[in-house]
Amino acid sequence: MSRVQEGFSTYETWPFECLRCLLVWEEEYLVRRMSDGHGNDVVVWTREGTPVQPPWSGMSCPACGCGSVTTFPTGYLGHHAESVRRSRPAVPVPFTRAPAVPDPTTALPAEA
């Protein structure tokens, strides 16, 4: 009798930032979650069909090779970009002149 592993797969996009060169990029993973048949949960992370370490383990910057990389919560970059767009004014702010500065060459009133 063979046992059928129950599980499911999801795609997850993880944003990263290099702490040296400040490059920001995203990586997409196919994450397979299943049971090993003995009551234990198994999670397999893959990229382009190849098993890889989880995003929080062993990532290095594709630009400079630095291993000091941080991650953001899933969806953070899209949400952050949307909030930046919403915070910008929809119409240009009118130019206002600064108050006039008194000319230092003008004589002060004489003391009495």
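Every read-out reported here was derived from the displayed coordinates using simple, explicitly stated rules and does not represent laboratory data. Keep in mind that this is a model prediction, so the values were computed, not measured. Positions of Cβ are generated from backbone atoms using ideal geometry, with glycine treated the same way; all protein chains shown enter the neighbour counts.
Write down the radius of gyration of segment 7-74 and its Dmax, each obtained from C-alpha positions, in Å.
Gyration radius and largest Cα-Cα distance of segment 7-74: 13.8, 45 Å.
With an 8 Å Cα cut-off and a minimum separation of 6 or more residues, compute the relative contact order for segment 7-74 in percent.
Numbers: 122 pairs, mean separation 24.1, N = 68.
The normalised contact order for segment 7-74 reaches 35 percent.
Using 7 Å Cα-to-Cβ label points, what is the residue 8/residue 46 separation (nm, one decimal)?
1.8 nm
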